[in-house]
Amino acid sequence: MTFRIHTPILHAAAVLACLHTTAFAQNEEAEFNQRQAKTLNAFAKRAFDKGFPRIAKVVWMQVTKLYDDQNAEAWTALGYAKVGASWNPDPKKTYPTTDTGSGAEGAPLKSAYESVKKDLASAHRGMAEKYTKAGRNDRAHHHWRMVLRWVDDDAQAKKALELGEVGGLSGTDLEKTLYDRSKTIERAVEEQSKIAYEVKKVTGVPCAPADQAQVQYITVQSEHFTLHGDAEEEDNLLEGLRWAERTLRVCQVAFPWEVPMAKWGSNWAFFVKKETYQQILKANNVPDLQWRLEHTSTCGIGNTVIAATSGKQVLWDACVRNVARPCSGLVSDAYSEGIGHTFVGMMFNSNRLFSVDLKKQQGTSASEEDREYQSPDFDVWKTLSLEMAWKSTGGVAANRLPFCDTAAFTNEERIKAWSFCDYMVRRDPAMLRSMDQIAQALVRERLKQPAEFEKRFAEQHAQASIPELDKEWEDFWTGASPVLKAIQNNTPPLSAISKGVDKWLEAFNAMRRSLDKTPVTWSANFSARCKEHAEYLKKNKDLKTPADVHTQSVDKGGSYIGSLFAQMALVQQGANAANSKKIFERWLYWPGYRDALYNNSILAVGMFLEGDVLVVNATSGIGSPKAADAGADCFPPRNDKGLMYECEVPVAELGPEAESLLAKHGRTGKKTIGFPLTIHFGSSGGIGARGSLTCAVVGPKEEKIEGVLTFDDGVVRTTSAPGMATFWPLDPLPKGKIRFLWSWQAGEKQITLQGSFQAK
């Protein structure tokens with residue numbers, strides 16, 4: 001007898017079997033994710049308990065982003081409380097951001113984390129193999145990708161994913177595009193940084209807004225640009241236009257459209273003092289005058305861009321962004337601001353000028369995170385972007401960016417605007433331009449709707465949607481693959497913890513206390529560049545002079561970004577903790593190193609010890625000091641403390657900038673210079689008192705000491721530091737009592753600091 005099963009019954013049985021299999025797979029995935037989350041939670045708690053909350057924070061965010069978006073242990077540890085179905089910041093809990101752990105406690109965490117990553121990758125490998133056998137290639141693909149997130153070199157994963165060769169690694173076609181474009185732009189920046197374009201001072205070129213305000217100025221020109229500014233800033237104005245010319249050539253490489261190479265029709269006028277900027281705005285009766293006076297540092301008047309630039313780096317920053325923005329063609333506030341930050345970051349790895357000033361934060365009320373958002377250091381911004389990309393809730397969605405208003409920019413919007421533009425420049429700038437044009441059309445139609453923005457973009461670009469680009473942005477900043485990690489080439493904070501750093505931090509703070517300055521904390525995040533530079537110097541043991549140790553050469557295994565860090569790093573070769581007190585006492589004779597010991601705006605430092613090479617990062621942790629410590633301070637200290645210092649310093653210890661200063665003032669070849677006097681404003685964005693600051697110094701017979709006042713324009717830390725001005729006696733000081741008077745204008749008020757010391 002033949003039995004026939006009715007087709008509908010057979011179909012139903014198949015559906016039930018499929019549903020059973022799917023349910024089983026979902027349960028297995030859920031259990032798997034819980035195991036992975038448990039592994040990461042355990043490590044995060046260990047890192048937190050050892051005093052490394054910033055490292056723990058990222059790991060807990062990995063738990064909620066990758067494995068369990070409702071993981072109570074991770075959310076609670078991060079300072080969140082569940083309200084209804086969502087997790088929200090708990091106002092009763094403030095997550096710590098300051099590292100308190102020692103190098104001895106932190107060093108073992110690196111090997112522990114490497115072990116955790118191998119375990120996570122092994123578990124994903126097992127799941128991938130299981131899904132491959134079951135014919136579930138979609139799930140297998142996911143797990144193979146996760147294998148490569150945790151370990152960089154896995155032959156099985158690379159083979160299964162059919163990855164191609166990318167810069168000595170294996171990656172997708174998209175990753176190859178990102179890698180190749182990133183390296184091409186980086187090479188262009190490095191090559192351009194070495195080119196000295198012809199720039200000259202000219203006459204007869206009017207600046208109408210400045211003339212209207214009766215402001216005196218000089219004018220400099222290059223092949224494409226015209227810049228007006230303060231007469232005493234001539235050298236910086238000339239170099240600023242060189243950076244503008246360099247940026248123009250980098251834009252030619254970065255953008256796939258034609259960049260204007262004719263003489264620019266718009267001019268720039270950049271002045272050191274904010275008061276001068278405000279004077280010009282008032283005289284020209286610009287729209288929204290009161291708001292602009294209070295909140296802005298740049299303003300367009302006619303065909304001239306006016307800006308307040310408090311120092312050399314701010315001036316150069318302005319020159320770079322005022323080329324990048326027009327070349328990009330981006331108009332929306334967030335994209336325009338973001339592309340400016342992107343190119344300044346590529347050129348200088350720092351950012352010191354904002355179209356709209358960041359909100360003023362008082363040291364008594366601003367959190368550590370608030371201060372980080374104000375940091376000029378792009379390494380700090382990269383950390384903030386990393387943490388934003390790991391967020392599984394909140395944050396700033398890419399579809400909101402084009403409708404942000406810079407006048408009301410939040411901290412997170414500013415970081416996302418920069419980091420998203422940075423990613424899209426590497427990915428496809430034409431897409432970014434398309435987003436901007438769509439957004440502008442929506443603004444004109446009074447349709448500021450993220451959903452409509454996504455819809456119109458999808459109609460024009462079939463290869464990627466806005467949500468997909470947002471996910472790509474997350475993957476890029478979180479280093480989701482070996483290639484994406486290689487593009488950024490960042491040293492993980494866990495790798496920047498060195499055992500021997502504890503004694504040096506203790507000695508560093510002991511010296512600060514002896515100078516009546518507050519102790520600083522140590523940060524693993526700030527130590528990453530220290531590690532890279534220490535290893536560079538260890539490999540190149542012949543580098544000994546101040547000029548040599550405060551830069552990096554690509555030919556010697558360094559990097560362009562590394563060379564920028566090295567300029568303001570503090571380096572001690574032959575470092576021996578037993579002699580730390582004597583070493584730091586000698587640092588007082590080198591103005592830039594003195595600043596690290598004397599500046600109360602330095603709240604945290606990075607430190608790394610490689611053998612006997614100590615490298616200190618004293619710039620990333622600059623912030624607002626406690627109210628009692630606020631304000632400028634001078635060294636030697638004000639009043640008479642009975643202190644005694646040698647009357648001269650060997651030029652060989654100070655480097656080329658001291659040598660050049662002597663040569664410029666008729667003392668070529670002199671082996672020593674007089675003991676330097678310094679004033680420390682603590683600002684990383686320039687010295688507001690630059691236009692009015694003076695220093696008068698007299699000897700024991702009331703004789704005037706001849707000297708030169710320099711600002712924070714140098715590129716060798718021995719003689720320069722952010723926010724510091726130095727009075728250099730051109731000859732050794734006479735022995736005996738030396739008196740000094742610092743003076744500057746602060747608004748309507750004249751400020752003075754005076755004191756004396758003994759020269760021996």
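Here are the numbers:
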| quantity | calculated |
| --- | --- |
| Whichever residue in region 206-252 is in contact with a strand residue (DSSP E or B) (Cβ under 9 Å, 6 or more places away or on another chain) and aromatic (Phe, Trp, Tyr) and, among such residues, is surrounded by the fewest Cβ atoms within 10 Å (Cβ to Cβ) | TYR217 |
| Residue within region 628-651 that is under 28 Å from ALA496 (Cβ atoms) and at pLDDT below 95 present | yes |
| Residue that is surrounded by the fewest Cβ atoms within 10 Å (Cβ to Cβ) [pool: residues in region 746-760 that are under 21 Å from ALA689 (Cβ atoms) and not hydrophobic (A, V, I, L, M, F, W, C)] | GLU748 |
| Residue count for region 396-453, restricted to those that are touching a residue at least 60 places away in the same chain (Cβ under 8 Å), under 12 Å from SER332 (Cβ atoms) and among the polar types (S, T, N, Q) | 2 |
| One residue from THR491, THR518 being touching a residue at least 60 places away in the same chain (Cβ under 8 Å), farther than 20 Å from PHE420 by Cβ, β-branched (Val, Ile, Thr) and surrounded by fewer than 20 Cβ atoms within 10 Å (Cβ to Cβ) | THR518 |
| Whichever residue in region 632-679 is over 23 Å from LEU753 (Cβ atoms) and among the hydroxyl-bearing types (Ser, Thr, Tyr) and, among such residues, is surrounded by the most Cβ atoms within 10 Å (Cβ to Cβ) | THR672 |
| Residues of region 604-662 that turn out to be free of Cβ contacts under 8 Å to residues at least 12 places away in the same chain and more than 30 Å from LYS539 (Cβ to Cβ), as a count | 2 |
| Some residue of region 534-544 being farther than 30 Å from LYS641 by Cβ, open to solvent by less than 10 Å² (accessible area, probe 1.4 Å) and touching an Asp or Glu at 6+ places or on another chain (Cβ under 6 Å) | yes |
| Tally, over region 690-710, of residues that are surrounded by fewer than 22 Cβ atoms within 10 Å (Cβ to Cβ) and not in a strand (DSSP E or B) | 10 |
| Residue in region 387-407 that is most open to solvent (accessible area, probe 1.4 Å), counting only those that are under 17 Å from GLY479 (Cβ atoms), out of contact with any Gly (no Cβ under 7 Å at 6 or more places or on another chain) and not small (Gly, Ala, Ser) | LYS391 |
| Test: residue in region 99-117 that is in a loop (DSSP other than H, G, I, E, B) and polar (S, T, N, Q) | yes |
| Tabulated pairs, region 564-577, first touching a residue at least 24 places away in the same chain (Cβ under 8 Å), second of a type in the set (Ser, Thr, Tyr) and crowded, with 17+ Cβ neighbours inside 10 Å, C-beta under 7 angstrom, 6+ apart or interchain | ALA566/THR551; GLN567/THR551; MET568/THR619; LEU570/TYR593 |
| Qualifying residue in region 728-745 (condition: at pLDDT below 95 and either among the hydroxyl-bearing types (Ser, Thr, Tyr) or open to solvent by 30 Å² or more (accessible area, probe 1.4 Å) (or both)) | yes |
| Residue match in region 186-205 (condition: small (Gly, Ala, Ser), outside any helix (DSSP H, G or I), in contact with a strand residue (DSSP E or B) (Cβ under 9 Å, 6 or more places away or on another chain) and closer than 30 Å to ALA430 by Cβ) | no |
| Filter pass, LEU733 being more than 28 Å from the chain's Cα centre (by Cα) and either of a type in the set (Val, Ile, Thr) or part of a strand (DSSP E or B) (or both) | no |
| Some residue of region 476-483 being among the aliphatic types (A, V, I, L, M), within 30 Å of PRO636 (Cβ to Cβ) and either modelled with pLDDT under 95 or open to solvent by less than 20 Å² (accessible area, probe 1.4 Å) (or both) | no |
| Considering residues of region 418-455 that are open to solvent by less than 20 Å² (accessible area, probe 1.4 Å) and either in contact with a Cys (Cβ under 7 Å, 6 or more places away or on another chain) or β-branched (Val, Ile, Thr) (or both) only, the residue farthest from VAL344 (Cα to Cα) | ILE438 |
| All helices (runs of 4 or more DSSP H) inside region 493-589 with 2 or more residues being over 21 Å from PRO650 (Cβ atoms) and in contact with a Lys or Arg (Cβ under 8 Å, 6 or more places away or on another chain) | 501-514, 528-539, 560-568 |
| Qualifying residue in region 545-554 (condition: surrounded by fewer than 24 Cβ atoms within 10 Å (Cβ to Cβ), out of contact with any Cys (no Cβ under 8 Å at 6 or more places or on another chain), among the charged types (D, E, K, R) and touching a residue at least 12 places away in the same chain (Cβ under 8 Å)) | no |
| Residues within region 58-84 that are over 28 Å from the mean Cα position of the chain (by Cα) and crowded, with 20+ Cβ neighbours inside 10 Å, tallied | 3 |
| Residue ID - farthest from GLU474 (Cα to Cα), chosen from residues in region 40-57 that are assigned to a helix (DSSP H, G or I) and open to solvent by 50 Å² or more (accessible area, probe 1.4 Å) | ASP49 |
| From ARG125, ARG149, residue being open to solvent by 30 Å² or more (accessible area, probe 1.4 Å), in contact (Cβ under 8 Å) with a residue 24 or more places away in the chain and closer than 21 Å to LEU40 by Cβ | ARG125 |
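Yes/no per residue for (1) part of a helix (DSSP H, G or I); (2) touching a helix residue (DSSP H, G or I) at 6+ places or on another chain (Cβ under 9 Å):
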residue	(1), (2)
ASN399	no, yes
ALA407	yes, yes
ARG446	no, no
ALA458	yes, yes
ASP470	yes, yes
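The values are calculated or read from the model by the stated rules, or taken from the named source; none is laboratory data. Predicted, not measured: the structure shown is a model, and the values here were computed from it. Because the Cβ atoms are built from the backbone with ideal geometry, glycine has one as well, and the counts that use them run over all protein chains shown. Each accessible area value is taken on the protein alone, full model and side chains, heavy atoms only, with ligands, DNA and RNA left out. Shrake-Rupley method; radii C 1.70, N 1.55, O 1.52, S 1.80 Å.
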